[in-house]
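Below is one structure, written out as structure tokens; the observations come after it.
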Amino acid sequence: MVVRASGVDGVWEDELVRARGGDAAAFSRMVEPLRRELHAHCYRMLGSVHDADDALQEALIRAWRGLARFEGRGSLRSWLYTVATRTCLDNIEARGRRALPMDLGPSSDHAVTRDRPLSDVAWLGPYPDGSIGDGRLGPDARYEQREAVELAFVAALQHLPGNQRAALLLFEVLGFSVAEIAATMKTSTTSVNSALARARKVVAERVPSPSQQRTLRMIGDAHLREVVAGFASALERGDADALATLLTEDVTWSMPPMPHWYRGVEAVMDFAVRVPLTGCGHWRHMPTGANGQPAVGFYLRDDDAGAHLGWSVTVLTLRGERVAGITSFLGREHFAAFGLPPSLP
């Protein structure tokens, strides 16, 4: 008779025995239900889908090789989070933090038409909504899963040292206890509490309230679709007046990997009129979702290719019923993760 092992998140005991005996397929079956949330954790830690892919792969290799150390008395989920967190901390130590243009310097008050990408900066990247779960990951978690991948939150995390980043995520997103976090990070509960206090202060200063999730619920799905469609169609038509009516007075527009960014409706519209609305060419778009927020995949006509080529995954941050932030992640390399085609006719 097969007995369900208590404390291993519903994993059948015989699967654990098979995995320890070298059955890779059994190990894959054990971790598959947790793969998506582990990947989101790696993204929160690292700020990049590609880094999260690599970190999760490395973490699962480490877990597979160290499976003998998992005795089944604790939670498989907790153990895998321990391995994934330590893997991410190694990555942070080696690569440093990721940035948005706002982290590099002040905004520009007029359009910079000859802006050039900075290739020596590790840029924050977008995260596809299809990889994000709903609700909270634990009964003691403070943040919903979608709140914890919002752009402002993930960008704020990048300003924390690795230990503070890990402590905040493990405690407030995953609902781990201070004692569990101390064991994961091989430190004392006093150090964990200190890291949490410092991390909360930084996040509180950098993450606006209310969250995007609360804002989107207040707007409602139907009106949200109208706002997103209005933004995208204004760009396609080159309609500056229609675009301006959708923006808050203090709206920002940034375009990593371009270093320049804009704050305020006058500066943003000066850029919009000179570059995307009249200076680039013909646009097409596909709606999508990123970081728990509305997003649009934009395509720019390339006459040589005879098609519209992927230009950006543009994430919108809303305040009330207007757009308060536009973050255009430039580059077709972002499109595949969102299930967007690289080009349109």
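A few remarks follow.
- Scope the range 313-345; condition hydrophobic (A, V, I, L, M, F, W, C) and either touching a Lys or Arg at 6+ places or on another chain (Cβ under 7 Å) or assigned to a strand (DSSP E or B) (or both); matching residues: Val313, Val315, Leu316, Leu318, Val323, Ala324, Ile326, Phe329, Leu330, Leu344
- Qualifying residue in the range 241-264 (condition: over 25 Å from the mean Cα position of the chain (by Cα) and either in the same structural domain as Leu80 (by TED's automatic domain parsing) or over 25 Å from Ala152 (Cα atoms) (or both)): yes
- The lone exception for Ala229 - which of (1) closer than 24 Å to Glu147 by Cα; (2) touching a Leu at 6+ places or on another chain (Cβ under 9 Å); (3) not in a strand (DSSP E or B) it fails: (2)
- Close pairs (8 angstrom Cβ cut-off, 6 or more residues apart or separate chains): over 19 Å from Gln158 (Cα atoms) in the range 114-134, surrounded by fewer than 12 Cβ atoms within 10 Å (Cβ to Cβ) and modelled with pLDDT of 90 or more anywhere: Gly130/Gly339
- Test: residue in the range 174-193 that is in contact with an Asp or Glu (Cβ under 6 Å, 6 or more places away or on another chain) and surrounded by fewer than 18 Cβ atoms within 10 Å (Cβ to Cβ): yes
- Of the set (1) part of a helix (DSSP H, G or I); (2) surrounded by fewer than 21 Cβ atoms within 10 Å (Cβ to Cβ), all apply to Gln164 but (2).
- Of the helices (runs of 4 or more DSSP H) that lie entirely inside the range 1-116, those containing 2 or more residues that are at pLDDT 90 or above and in contact with a Ser or Thr (Cβ under 8 Å, 6 or more places away or on another chain) span 35-46, 49-65, 76-95.
- Within the range 271-293, tally of residues that are in contact (Cβ under 8 Å) with a residue 60 or more places away in the chain, crowded, with 21+ Cβ neighbours inside 10 Å and assigned to a loop (DSSP other than H, G, I, E, B): 2
- Within the range 288-302, the presence of at least one residue that is at pLDDT below 95, among the acidic types (Asp, Glu) and more than 29 Å from Arg44 (Cα to Cα) is confirmed.
- Restricting attention to the range 202-213, the residues being surrounded by 12 or more Cβ atoms within 10 Å (Cβ to Cβ) and assigned to a helix (DSSP H, G or I) number 5.
- Exactly one residue out of Val296, Val268 is over 21 Å from Val112 (Cα atoms) and buried (at least 21 other Cβ atoms within 10 Å of the Cβ): that is Val296.
- Candidate set from the range 183-219 (those that are at pLDDT 95 or above and among the small types (Gly, Ala, Ser)); member that is nearest to Arg146 (Cα to Cα): Ser211
- In the range 107-160, the residue that is surrounded by the fewest Cβ atoms within 10 Å (Cβ to Cβ) out of those that are of a type in the set (Ser, Thr, Tyr) and under 17 Å from His41 (Cβ atoms) is Ser131.
- Unique residue being free of Cβ contacts under 8 Å to residues at least 40 places away in the same chain, surrounded by 15 or more Cβ atoms within 10 Å (Cβ to Cβ), of a type outside the set (A, V, I, L, M, F, W, C) and more than 17 Å from Asp109 (Cβ to Cβ) when the list is Thr327, Thr314, Thr245: Thr314
- Condition broken by Ser119, with the remaining ones in (1) in contact with a His (Cβ under 7 Å, 6 or more places away or on another chain); (2) in a loop (DSSP other than H, G, I, E, B) satisfied: (1)
The values are calculated or read from the model by the stated rules, or taken from the named source; none is laboratory data. Quick caveat, the model's predicted, so the values are computed rather than measured. FYI the Cβ positions are ideal-geometry reconstructions off the backbone, even for glycines, and counts take in every protein chain you see.
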